[in-house]
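Pasting a structure here, questions to come.
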Amino acid sequence: MRDAHGRLIKVQSVGRDISERKALEQALTEVSDSAEAGKPR
């Protein structure tokens, strides 16, 4: 937010906890890698 002179007077931010999502992505990657390792070429 800026004042009438264009100077910054307020900053707002949003934070999100993505720990669970990252853990699920890692688990999916591990399962996928394991499945690919078992495939014959």
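The values are calculated or read from the model by the stated rules, or taken from the named source; none is laboratory data. None of these values were measured; they are calculated from a predicted model. Positions of Cβ are backbone-derived with ideal geometry, glycine not excepted, and every protein chain shown enters the neighbour counts.
Somewhere in the range 16-27, is a residue among the hydroxyl-bearing types (S, T, Y), out of contact with any strand residue (DSSP E or B) (no Cβ under 9 Å at 6 or more places or on another chain) and at pLDDT below 95?
So the first thing to find is which residues in the range 16-27 are among the hydroxyl-bearing types (S, T, Y), and the list is 19.
Adding the requirement that they be out of contact with any strand residue (DSSP E or B) (no Cβ under 9 Å at 6 or more places or on another chain) leaves 19.
Restricting the remaining residues to those that are at pLDDT below 95 gives none.
Within the range 16-27, none of the residues are among the hydroxyl-bearing types (S, T, Y), out of contact with any strand residue (DSSP E or B) (no Cβ under 9 Å at 6 or more places or on another chain) and at pLDDT below 95.
Then there is this: If you take the residues in the range 3-41 that are part of a helix (DSSP H, G or I), more than 23 Å from the chain's Cα centre (by Cα) and among the aliphatic types (A, V, I, L, M), which one is surrounded by the most Cβ atoms within 10 Å (Cβ to Cβ)? Give the derivation first.
Taking the range 3-41 as the starting set, the residues that turn out to be part of a helix (DSSP H, G or I) are 19-37.
Subsequent filtering for residues that are more than 23 Å from the chain's Cα centre (by Cα) retains 34-37.
Applying the additional criterion that residues be among the aliphatic types (A, V, I, L, M) yields 35, 37.
Values: A35: 9, A37: 7.
Among those residues, the one meeting the criterion is A35.
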